[in-house]
């Protein structure tokens, strides 16, 4: 390992926030680092929704290649974007705290209609490119029109402001971390137990080369074991279903004060198909993901 850890990151505002947060965490532990910006397929292809793009790892593949080639020592990812199987030679070595895992519906106030679910008018145009969000929104409000929207958080808010949509769906974590001023809009803050987020939503994953013991040792200073315990369950469900970020699957796990695990999951066969919802609790995480998958398939 170099004396300075090279952090591979995308160049979006949110990705840079994540990388800067990582750099500050390492610095607090007395470890120097620097950022290396890498463009990914997900950044380059802006005209397709995720369910129309081939493969997995739209926002991670190029950064992982840089790791394997030795161009960077550490990759920082939104964990929800990271495939459940790391390429050979790479490992998730640590995870961060969890920001609010919920999805938020951000709506233009002039389009609101009192007395309707989420205050969305009949036939409202809702923007999202996530198959999971599409499926669950249509499950709650089958009358709305779903339209794809791409771009970073500021770009999506601009498109909403311009009137291209009545409302858009965003991760609470992105709005919170970027400290975006969304006060002009009406925000519906979903419960992650009702509108189920993507597995590991709100968590950062730090990925290294498996044999880079020095960098992996450095990351022990910033690893969050409690968060890892629940995201392992969420991502295990995704792994068992062989899904990527284009699968209409939401999984959210909590661990209570007594150490019991509780999982809420929602899955559809396609973005416009019926949604199956399950909730399962048990005292340990052993075989919990397998139970969730079995229940989803019943």
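Looking for something over 29 Å from residue 261 (Cα atoms), without any contact (Cβ under 8 Å) to a residue 24 or more places away in the chain, more than 14 Å from the chain's Cα centre (by Cα) and surrounded by fewer than 21 Cβ atoms within 10 Å (Cβ to Cβ) - is there at least one such residue anywhere in the range 210-221?
The answer is yes; a qualifying residue exists.
Of all the residues that make up the range 69-113, how many are closer than 19 Å to residue 249 by Cα and part of a loop (DSSP other than H, G, I, E, B)?
7
Residues to consider are 40, 84, 60; find the one that is buried (at least 18 other Cβ atoms within 10 Å of the Cβ), at pLDDT below 95 and more than 20 Å from residue 228 (Cα to Cα).
Going through 40, 84, 60 in turn, the sole match is 40.
Let's see how each residue does on (1) in contact with a helix residue (DSSP H, G or I) (Cβ under 8 Å, 6 or more places away or on another chain); (2) more than 17 Å from residue 70 (Cα to Cα); (3) loosely packed, with under 14 Cβ neighbours inside 10 Å; (4) modelled with pLDDT under 95:
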{"site": "5", "(1), (2), (3), (4)": "yes, no, no, no"}
{"site": "11", "(1), (2), (3), (4)": "yes, yes, no, yes"}
{"site": "20", "(1), (2), (3), (4)": "no, yes, no, no"}
{"site": "33", "(1), (2), (3), (4)": "yes, no, no, no"}
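List pairs: first residue in the range 48-75 and farther than 30 Å from residue 270 by Cβ, second residue surrounded by fewer than 21 Cβ atoms within 10 Å (Cβ to Cβ) and modelled with pLDDT under 85 anywhere in the structure, Cβ distance under 7 angstrom, at least six positions apart or on different chains.
Here the result reads 73/1; 73/2, each pair linking the range 48-75 to a residue that is surrounded by fewer than 21 Cβ atoms within 10 Å (Cβ to Cβ) and modelled with pLDDT under 85.
Residues of the range 252-298 being without any contact (Cβ under 8 Å) to a residue 40 or more places away in the chain, in a loop (DSSP other than H, G, I, E, B) and either under 14 Å from residue 139 (Cβ atoms) or under 21 Å from the mean Cα position of the chain (by Cα) (or both), which ones?
269
For the range 237-251, indicate whether the set of residues that are over 15 Å from the mean Cα position of the chain (by Cα), under 28 Å from residue 28 (Cβ atoms) and surrounded by fewer than 22 Cβ atoms within 10 Å (Cβ to Cβ) is non-empty.
No, the conditions are met nowhere in the range 237-251.
Among the residues of the range 230-249, is there at least one that is at pLDDT 95 or above, assigned to a strand (DSSP E or B) and in contact with a helix residue (DSSP H, G or I) (Cβ under 8 Å, 6 or more places away or on another chain)?
Looking for residues that are at pLDDT 95 or above, assigned to a strand (DSSP E or B) and in contact with a helix residue (DSSP H, G or I) (Cβ under 8 Å, 6 or more places away or on another chain), one finds at least one in the range 230-249, hence yes.
Looking at 179, 194 in this structure, which one is over 24 Å from residue 10 (Cβ atoms) and surrounded by fewer than 17 Cβ atoms within 10 Å (Cβ to Cβ)?
Numbers: 179 fails: over 24 Å from residue 10 (Cβ atoms).
One residue alone meets the criteria, 194.
The values are calculated or read from the model by the stated rules, or taken from the named source; none is laboratory data. All values derive from a computational prediction rather than experimental measurement. Please note: Cβ atoms are built from the backbone with ideal geometry, for glycine as well, and neighbour counts cover all protein chains shown.
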